[in-house]
Amino acid sequence: MTRTALITGAAGGIGRAVAARLLADGWQVAGLDLAGAGPDGVGMHHADATDPAQVRAAVAAALGRLGHLDALVTCAGLTEGAPLHETTDEQWHHVLDANLTSVFLCVREVLPAMLAAGTGTVVTIGSVLHRTAAPGLPAYAAAKGAIAALTRQLAVDYGHRGLTFLTLAPGWVRTPATEARLGARADQDLARLRESNPLRTVADAAQVADAVALALSPAAALLTGSELVLDAGARLVSPASLLRDAHRERLGLPPLDA
């Protein structure tokens, strides 16, 4: 039987790359996004992932088209914020709804079909920013931390029913949205980010899609409840090690005045 998946946020960025990768691997893929077209071959359902009625209708339509659902990958979300004392009620709820409530609504709608089938995998997209922190993103960090906690809870609640749940926690990912946020300094800033991790790289969306493919493969069968960190080892490097030439030499980096 052909494997089937629903991808949220499938019109752009990581979601689009995940949809394209699964299509290439022979999956039938449905996409859920507020606007925009997915890759050719993806049955798109235009819906607001924070609206319960729209999510319910989109998931029902996707199930009607696919017949069954083997996987859900929740890529919908956004990165924005302000220091907490400057965050309005509206901003707080907007960020939490886009990143966390959307996961709750979409998982809730696919669970009955997966439970009836006795099988299914949900992959949630979190972030390293609930393990580390970047200035001015309190709502985003809170939402991503909650996604990891929710995923663990779901793994406990539904494992005995044949369902598995994993979180992927990317670091920086080079997407059009990332480059737009960085603006004119994108190339320079991305070069500094590459310097800050052991692998000297910044991930692209296709590499995150590779990790999703792994999470949906039989090789990941025992990883339920796990969080796979995709940051090229950046969290392992003390920032202080980048400040002295002797340390930089050991890390394979040029001197600061080079």
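The values are calculated or read from the model by the stated rules, or taken from the named source; none is laboratory data. What you see is a predicted model; the values in this text were computed from it and never measured. No Cβ is skipped: glycine too gets one built from the backbone with ideal geometry, and neighbour counts run over all protein chains shown.
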Self-check item: THR121 assigned to a loop (DSSP other than H, G, I, E, B), surrounded by 16 or more Cβ atoms within 10 Å (Cβ to Cβ) and out of contact with any His (no Cβ under 8 Å at 6 or more places or on another chain)
Solution: no
Quiz item: Limited to region 129-159, what total is found for residues that are aliphatic (A, V, I, L, M), closer than 21 Å to TRP92 by Cβ and assigned to a helix (DSSP H, G or I)?
Solution: 10
Quiz item: Among the residues of region 72-95, which ones are among the aliphatic types (A, V, I, L, M) and buried (at least 24 other Cβ atoms within 10 Å of the Cβ)?
Solution: LEU72, VAL73, ALA76, VAL95
Quiz item: What is the number of the single condition among (1) under 19 Å from the mean Cα position of the chain (by Cα); (2) surrounded by 21 or more Cβ atoms within 10 Å (Cβ to Cβ) that ALA35 does not meet?
Solution: (2)
Exercise. Can you work out which of the residues in region 144-182 that are more than 19 Å from CYS106 (Cβ to Cβ) and among the β-branched types (Val, Ile, Thr) is modelled with the lowest pLDDT?
Key: THR178
